[in-house]
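Report on one structure; see the data block that follows.
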Amino acid sequence: MEAAQLSLAVYSRIQHALYGAVGQDEAWPEALRVMAELFDASFSMLVAAGQGQRDQSFYAAWNHSDEAARAYSDYWWQHDIWLQQGVADGLFVQGNIARGSDIVPLPVFRQSRFYKEYLAPLSTEYLLVSAVSDGSVPGLAPPSHLSFFRRPDQPNFSEDDIAIMQLIFPHVVRAFDLHWSTRRLQEQVTLLHRFLDALDFGVVMLDPAGRVLYANQGVRTLMADPHSARWLGSLPQRVALHEPLGPLVHACARGQGGGAAFGQTNPKLMALTLPIEEPCGPAPEKIQPGACMLLLARHVETPPAVSDFVMRIFGLSPAEARLLPLMLRGCAPAEMALELGVKISTVRSQLSSIFAKTGSTRQQDLIRLLGSLPPVR
């Protein structure tokens, strides 16, 4: 196909295939197929080098058998005469596009072991290769190249093929960089989810509308307990305003963290909300809805991790942190002293310290303020 014949429909199909593969390893063979048809190629492959070596950390191919792909990845890349000469000539710089016959003359190439033992059995002779990335930008794609191949009974790639590759190349680079960045982000999110699942209390991440972005294993455990499930409403899908947790969560979306205890008999459920985004402007009418973190635990078995989490946020001592669950239950100082087995004067002293550290003046102010200082980032 001549460059002038690259229609808008074909150009759009190439873009759709490339950007549709971002973040999806399994979609790249289809993207390669669409491009291979454009170049009338018999098969194609996208190879990315590992860290400081030429092993394959990502590999996608179209019309190239798994056996042949593994053979190249495990062994033949070391004997790839095109790859060796291209590296020696400094051709693998992002943006370089070349034919195999321009890298190694065809008579020389046909005498190589790589051709005779690997490519000839695959009925492959001609190459069009582009250096998608040289790995020079941290966080984007590692050194990688995109290759298209033709059979011996087909014509060699032409100057028009190179011109077409130059036309679509910016989209190849952009899509693969986005793909690689997305894959790394997905890996980080997976690690975060594993960390949250390892916590011994419930953690829910919600968007400004109260829809659940992620609920950890602790939440699923609470949902299985009928004593706790009655207070959790439509979790783990969302939190509606009319549900028990609704006022806390929707106030949190406006930048107002808080805490509450639910139930008149044990086991009670303790909930703490923490805004994730800061309000935009000091006036309430200027506050923009933000995401929210919801912490959940059965009161009678509040795990140490919850107390430690709250202590670190507000800089409380362990003795002061012991009062927080009792405050969420609405206990008076005398009741706190009785339950903890300490003097009421001790409780009052600790309450004064808590109020000073959180900038509140009374118990209800503190309950309303819990979780709002500082926002989680």
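The values are calculated or read from the model by the stated rules, or taken from the named source; none is laboratory data. Given the structure is predicted, the values throughout are model-derived calculations rather than measurements. Every residue, glycine among them, receives a Cβ derived from its backbone with ideal geometry; neighbour counts consider all protein chains shown. Side chains are part of the model used for accessible areas, which takes the heavy atoms of the whole protein and leaves out ligands, DNA and RNA. Shrake-Rupley method; radii C 1.70, N 1.55, O 1.52, S 1.80 Å.
Taking segment 242-258 as the search range and keeping residues that are outside any loop (DSSP other than H, G, I, E, B) and either in contact (Cβ under 8 Å) with a residue 60 or more places away in the chain or among the aliphatic types (A, V, I, L, M) (or both), which one is surrounded by the fewest Cβ atoms within 10 Å (Cβ to Cβ)? Of everything passing the filter in segment 242-258, A251 is surrounded by the fewest Cβ atoms within 10 Å (Cβ to Cβ). Of the numbered criteria (1) modelled with pLDDT of 95 or more; (2) within 23 Å of E187 (Cβ to Cβ); (3) surrounded by fewer than 17 Cβ atoms within 10 Å (Cβ to Cβ), the one Q51 fails is (1).
Check whether at least one residue in segment 85-102 is farther than 19 Å from P143 by Cβ and without any contact (Cβ under 8 Å) to a residue 12 or more places away in the chain, and report yes or no. Within segment 85-102, one or more residues are farther than 19 Å from P143 by Cβ and without any contact (Cβ under 8 Å) to a residue 12 or more places away in the chain.
Does L83 satisfy being more than 20 Å from Q154 (Cα to Cα), in a strand (DSSP E or B) and open to solvent by less than 60 Å² (accessible area, probe 1.4 Å)?
The answer is no for L83.
Just one residue in the set P138, P142 is touching a residue at least 40 places away in the same chain (Cβ under 8 Å) and under 38 Å from the mean Cα position of the chain (by Cα); that residue is P142.
Can you pull out the residues in segment 159-196 that are modelled with pLDDT of 90 or more and surrounded by fewer than 14 Cβ atoms within 10 Å (Cβ to Cβ)? Selection gives E159, Q166, L167, P170.
The C-beta contact set for segment 164-180 (first residue farther than 15 Å from A60 by Cβ, second residue assigned to a helix (DSSP H, G or I) and of a type in the set (A, V, I, L, M), distance under 7 angstrom, 6+ apart or interchain) comprises I164/A3; I164/L38; L167/A3; I168/I14; H171/I14; H171/L18.
Table: residues versus (1) on the phi < 0 side of the Ramachandran plot; (2) under 33 Å from the mean Cα position of the chain (by Cα); (3) modelled with pLDDT of 95 or more.
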| site | (1), (2), (3) |
| --- | --- |
| A60 | yes, yes, no |
| N63 | no, yes, no |
| E67 | yes, yes, no |
| A71 | yes, yes, no |
| D74 | yes, yes, no |
| D89 | yes, no, no |
| F92 | yes, yes, no |
| V104 | yes, no, yes |
| V108 | yes, no, yes |
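Going by what's in this entry, would D207 be described as in contact (Cβ under 8 Å) with a residue 12 or more places away in the chain, at negative phi, exposed (fewer than 15 other Cβ atoms within 10 Å of the Cβ) and touching a strand residue (DSSP E or B) at 6+ places or on another chain (Cβ under 9 Å)? For D207, the condition - in contact (Cβ under 8 Å) with a residue 12 or more places away in the chain, at negative phi, exposed (fewer than 15 other Cβ atoms within 10 Å of the Cβ) and touching a strand residue (DSSP E or B) at 6+ places or on another chain (Cβ under 9 Å) - is not met.
Scanning segment 97-106 for residues that are part of a loop (DSSP other than H, G, I, E, B) and surrounded by fewer than 17 Cβ atoms within 10 Å (Cβ to Cβ) yields a count of 1. Only a single criterion out of (1) on the phi < 0 side of the Ramachandran plot; (2) open to solvent by less than 50 Å² (accessible area, probe 1.4 Å); (3) at pLDDT below 95 is not satisfied by V34, namely (3).
Select from segment 57-80 the residues that are open to solvent by less than 40 Å² (accessible area, probe 1.4 Å) and free of Cβ contacts under 8 Å to residues at least 60 places away in the same chain and list them in ascending order.
Once the filter is applied, which keeps residues that are open to solvent by less than 40 Å² (accessible area, probe 1.4 Å) and free of Cβ contacts under 8 Å to residues at least 60 places away in the same chain, segment 57-80 yields A60, A61, H64, A68, A69, A71, Y72, S73, W76, D80.
Helices (runs of 4 or more DSSP H) fully within segment 261-377 that include at least 1 residues being open to solvent by 80 Å² or more (accessible area, probe 1.4 Å), in contact with a Pro (Cβ under 6 Å, 6 or more places away or on another chain) and at pLDDT 80 or above: 344-358. The set of residues from segment 107-158 being open to solvent by 40 Å² or more (accessible area, probe 1.4 Å) and in contact with a Phe, Trp or Tyr (Cβ under 9 Å, 6 or more places away or on another chain) comprises E117, L122, D134, L140, P143, R151, P152, P155, N156. L199 fulfils the conditions (1) under 30 Å from L274 (Cβ atoms); (2) open to solvent by less than 40 Å² (accessible area, probe 1.4 Å) except for a single criterion, (2).
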